[in-house]
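S.K.: Here it is, the structure, as structure tokens.
The values are calculated or read from the model by the stated rules, or taken from the named source; none is laboratory data. None of these values were measured; they are calculated from a predicted model. Here the Cβ positions follow ideal geometry from the backbone for every residue, glycine too, while neighbour counts run over all protein chains shown. Areas reflect the complete protein model, heavy atoms only, side chains present, ligands, DNA and RNA absent. Shrake-Rupley method; radii C 1.70, N 1.55, O 1.52, S 1.80 Å.
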Amino acid sequence: MPDEPWGDGAPGVLTLPSGRRVRGRGLSKPVPAGQRPTFGLYLLGRAPDPVPWQSRWVRWPDFRLPTDRADAQDALGEAWRRLDTDRVEVACAGGRGRTGTALACLVVLDGGHAVDAVAYVREHYDARAVETPWQRRYVERFCST
């Protein structure tokens, strides 16, 4: 585990079905006070600004789907694997649509059912997460791609 995992009540932290924790956030807002990530997965239409921790960028335009779905699946798999050793942050500009979609995919990787993953993220992270019908379908089909 990381030196100190994400705190249970830390802003944006989602506890996955296995008990692992991941933080979602919007990059348009300031970095929350407290613990810093040790790995970030950034979902943006353009390359993100540099950060002082390890990171990976997936080209993912706002309100859309990843431009390279194989790269997105690989990046989400890497983020999920790192949850055992890193404080992982997943973020897009607003922290809801793309971030919520990615968090729902992490729920699926963590053993959750794809058809229930969006509801899980909306209940435990943000009620407005996963903003479009095609983002919901992406989650439902995530492990079959």
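S.K.: Within segment 80-90, track down each residue that is assigned to a loop (DSSP other than H, G, I, E, B) and either crowded, with 19+ Cβ neighbours inside 10 Å or aromatic (Phe, Trp, Tyr) (or both). I'd like the intermediate steps shown before the answer.
M.R.: Taking segment 80-90 first, the residues assigned to a loop (DSSP other than H, G, I, E, B) are 83-87.
Once the filter is applied, which keeps residues that are assigned to a loop (DSSP other than H, G, I, E, B) and either crowded, with 19+ Cβ neighbours inside 10 Å or aromatic (Phe, Trp, Tyr) (or both), segment 80-90 yields Leu83, Asp86, Arg87.
S.K.: Any residue in segment 32-61 that's of a type in the set (S, T, N, Q): show its pairings with residues that are in a strand (DSSP E or B) and open to solvent by less than 40 Å² (accessible area, probe 1.4 Å) at Cβ separation under 7 Å, as long as the two are six or more apart or on different chains.
M.R.: Correct list of pairs: Gln54/Phe39; Ser55/Phe39; Ser55/Gly40; Ser55/Tyr42.
To keep it simple, each residue is scored yes or no on (1) at positive phi; (2) surrounded by 24 or more Cβ atoms within 10 Å (Cβ to Cβ); (3) over 12 Å from the mean Cα position of the chain (by Cα).
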position: Arg59; (1), (2), (3): no, no, yes
position: Phe63; (1), (2), (3): yes, no, yes
position: Ala70; (1), (2), (3): no, no, yes
position: Ala75; (1), (2), (3): no, no, no
position: Glu78; (1), (2), (3): no, no, no
position: Cys92; (1), (2), (3): no, yes, no
position: Gly97; (1), (2), (3): no, no, no
position: Ala102; (1), (2), (3): no, yes, no
position: Cys105; (1), (2), (3): no, yes, no
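S.K.: For segment 6-33, how many residues meet the condition of being in a loop (DSSP other than H, G, I, E, B), open to solvent by 40 Å² or more (accessible area, probe 1.4 Å) and touching a strand residue (DSSP E or B) at 6+ places or on another chain (Cβ under 6 Å)? Walk me through how you get there before you give the answer.
M.R.: Taking segment 6-33 and keeping what is in a loop (DSSP other than H, G, I, E, B), we get 6-12, 16-20, 27-33.
Narrowing the set further to residues that are open to solvent by 40 Å² or more (accessible area, probe 1.4 Å) leaves 8-9, 11, 17-20, 27-31, 33.
Going one step further and asking which of them are touching a strand residue (DSSP E or B) at 6+ places or on another chain (Cβ under 6 Å), we end up with 27.
The number of residues fulfilling the criteria is 1.
S.K.: Within segment 82-89, identify whether any single residue is in contact with a helix residue (DSSP H, G or I) (Cβ under 7 Å, 6 or more places away or on another chain) and touching a residue at least 24 places away in the same chain (Cβ under 8 Å), and answer yes or no.
M.R.: Narrowing segment 82-89 to residues in contact with a helix residue (DSSP H, G or I) (Cβ under 7 Å, 6 or more places away or on another chain): 88.
Imposing the further condition that a residue be touching a residue at least 24 places away in the same chain (Cβ under 8 Å) reduces the set to 88.
Yes.
S.K.: Among the candidates Asp110, Asp116, single out the residue that is surrounded by 12 or more Cβ atoms within 10 Å (Cβ to Cβ), acidic (Asp, Glu) and in contact with a Leu (Cβ under 9 Å, 6 or more places away or on another chain).
M.R.: Asp110
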